[in-house]
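Read through the structure below, which is laid out as structure tokens, and then see the notes.
Just so you know, all these numbers are worked out from the coordinates, no wet-lab data involved. Please read all numbers here as calculations on a predicted model, not as lab measurements. All Cβ positions, even for glycine, are placed from backbone atoms using ideal geometry, and neighbour counts span all protein chains on display.
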Amino acid sequence: MDTSLVGRTAIITGGSLGLGLATAQAFYQAGARVAILARRKKPLEEAKARILTLEAPDSASATAFTCDVTDAAQVQATHAEVASQLGSVDILVNNAGQSATRPFESITDEDWQADIDLKLFAAIRLSRLVWPHMKTQRWGRIINLLNVFAKAPGANTAPTSVTRAAGMALSKVMASEGAPDNILVNAMLIGFIKSDQIRRMFEAGDGSQSFEEFVAASGSRLPMGRMGEAEEAANLALFLASDAASYITGCAINMDGGLSKVV
């Protein structure tokens, strides 16, 4: 199975940590010119340095760009800079976001707007910017990283469950419109994957366990008996970004070890 990305330029938002970084590493090793975006410069530069230690084809490169994806002007300027330095964007991974959940009655208008800007409008704006090139060359990949709440929201899962559900609908709309031009759009619905978000959950706890004990205990309650690894999610993203997935579009794929009750 050919998952080479040689000759492709990819943008990965939220690319300095966790799933974004793991995806950037996988794409780099597959030969892509990778642009990682995040707000903080130091983690970005550290991530770039980690990526560049990996073995990869000569075509591969990794570049870091500071960008607040909730700021429309920054998004537009960064996209232009990426295209200028690395070439027009062939692959977009909308990964920026964090899990914001609380009781419905406590969520303010400002909370709702911040979540919509981060998880929905950022994906809309970037997708709109890369779309014309993908359409012209009749090849493109857009992957939206969401979570399992998009399909099966429960109590105390807003605003994330709502914005992620909107992201799933957005993916389907773009997939339907992009299919005639070979622009394939899919969503990955993430469950409990070992990442910086899981570490933040651990740090918010009572400190009675080590991080490894916390991960093991939390994972034991999942159908597969463990949390997923960031690299496992990156493997799926690599597949969807490659020609190996040339007939897959409009799908919302659970990456959750069997957690979701909805297929």
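Where Lys and Arg each count +1 and Asp and Glu each count -1, what net charge lies around SER220 among other residues with Cβ under 11 Å from its Cβ?
Result for the neighbourhood of SER220: +1.
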Label zone at GLU81, where the point sits 7 Å out along the Cα-to-Cβ direction: the stretch 122-147 residues whose backbone N lies under 19 Å = 122-123, 125-127, 129-130
Taking the Cα centre of the stretch 1-85 as origin, sum charge times position over the Cβ atoms of Lys and Arg (+1) and Asp and Glu (-1), and report the length of that vector in debye to the nearest 20.
-> 200 debye
Could you check the simple spin-label distance between VAL173 and GLU232, using points 7 Å along Cα→Cβ, in nm with one decimal?
-> 3.3 nm
Cβ charges +1 (Lys, Arg) and -1 (Asp, Glu), total dipole of the stretch 137-263, debye | 380 debye
For the stretch 136-245, the spread of Cα positions along each principal axis, largest first, Å | 56, 30, 22
Give the angle, between 0 and 90 degrees and rounded to the nearest 10, that separates the Cα long axis of helix 160-178 from the longest principal axis of the Cα atoms of the chain.
-> 30 degrees
For Cα extents along the principal axes in Å, several values are listed as (1) 50, 38, 35; (2) 48, 43, 37; (3) 61, 43, 42; flag the one computed from this structure.
-> (1)
Percentage of interatomic Cα-Cα distances in the stretch 172-220 larger than 17 Å = 52 percent
Percent antiparallel among DSSP beta bridges confined to the chain, rounded to 5, stands at 5 percent
